[in-house]
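The values are calculated or read from the model by the stated rules, or taken from the named source; none is laboratory data. The structure presented is a predicted model; accordingly, all values stated were derived computationally and were not measured. Don't worry about glycine lacking a Cβ; one is built from the backbone with ideal geometry, like all the others, and counts go over all protein chains shown. Quick note on the areas: whole protein, heavy atoms, side chains included, nothing else; ligands and nucleic acids left out. Shrake-Rupley method; radii C 1.70, N 1.55, O 1.52, S 1.80 Å.
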Amino acid sequence: MVGRLFETGAGTLELVRDEQGQLEDQADAVWAGAGCRRFGVNGPGIFDTHLPYLMAVVAALEAAGACIADFDLYTDEDRRMYVTLAAGPDDVPDDEDDTRRWVLAWIDDRGWFTSLEAGPGESLGSCVSELPCSLMELPEDVAAAIAADRTLVPVPRIDRPLPGMEEPGRGWRPPAGYVTDPEVAGEPGQVCLDLERALAAYCRHPAWLTDREQQLAASPTRPARAGALEL
């Protein structure tokens, strides 16, 4: 891509976008098509492009009967999200709680894995185990993989839905061309369009749309829940 930067009496200076720059432009177009700005300002808050996927996975876990103690996400050179699984509905973390719970984690160049909560001096915790899921596995399949993992003791089995819980994403299907296992090999921060398209698909997921509505109803200026996004 060649762009005209400015003209002088001596001629024209042209700005040439390299391959990575062109991929960045295409990724921006993907997110613009989903109604969001990639890594940019989206209303009064900062939009993390993996948040809609996280909300869809949290909804699928809860619909499968899991109790969620907490969830969070980070954006730096890579994108990460963590879902802390509780031992039951009364298992609420507090500042004096030293219980080490199981964490379901995702990194955009690694995929899904589980670990125990990090202790002093640890970054990702111990007992790290890869989950048999593709990088962009559908949320209900991530929940099914957790339910089938018999190593997550003492987390109770996820074998029945919570009473009255209807998964917001039930019946949702990804758009044509959705890639569950995009190739993300490369330097940190390098754009993978298949990954961006897959993440952007969750801007149309009912769990994300429902969460946005709840946030706006709770407050126009601050998140309604942990892990939420200002809009």
**Q.** For peptides 110-116, 176-182, sequence by mean Cβ density within 10 Å, most packed first
**A.** 110-116, 176-182
Q) Under the Karplus relation 6.51 cos²θ - 1.76 cosθ + 1.60, θ = phi - 60°, what is the ordered set of whole-Hz ³J(HN,Hα) values for the stretch 60-76, x standing for Gly and Pro? A) 5, 5, 5, 5, 7, x, 7, 9, 9, 7, 5, 8, 7, 8, 9, 10, 9
Q: Please give the per residue accessible area of the stretch 101-143, computed with a probe of 1.4 Å over protein heavy atoms only, in Å².
A: 38 Å²
Q) Top to bottom by accessible area (1.4 Å), largest first, where do Cys203, Cys67 land? A) Cys67, Cys203
**Q.** Protection proxy ranking of 131-142, 54-65 - average other beta-carbon atoms within 10 Å, highest first
**A.** 54-65, 131-142
Q: For the stretch 50-90, build the charge dipole from Cβ charges (+1 Lys, Arg; -1 Asp, Glu) around the Cα centre, then report which of His50, Ala60, Val83 sits farthest towards its positive end.
A: Ala60
Q) Using modelled amide H (1.01 Å from N, peptide plane; none on Pro or chain starts), what sits under 5 Å from the amide H of Ala69, excluding residues fewer than 5 places away? A) Thr84, Leu85, Ala86
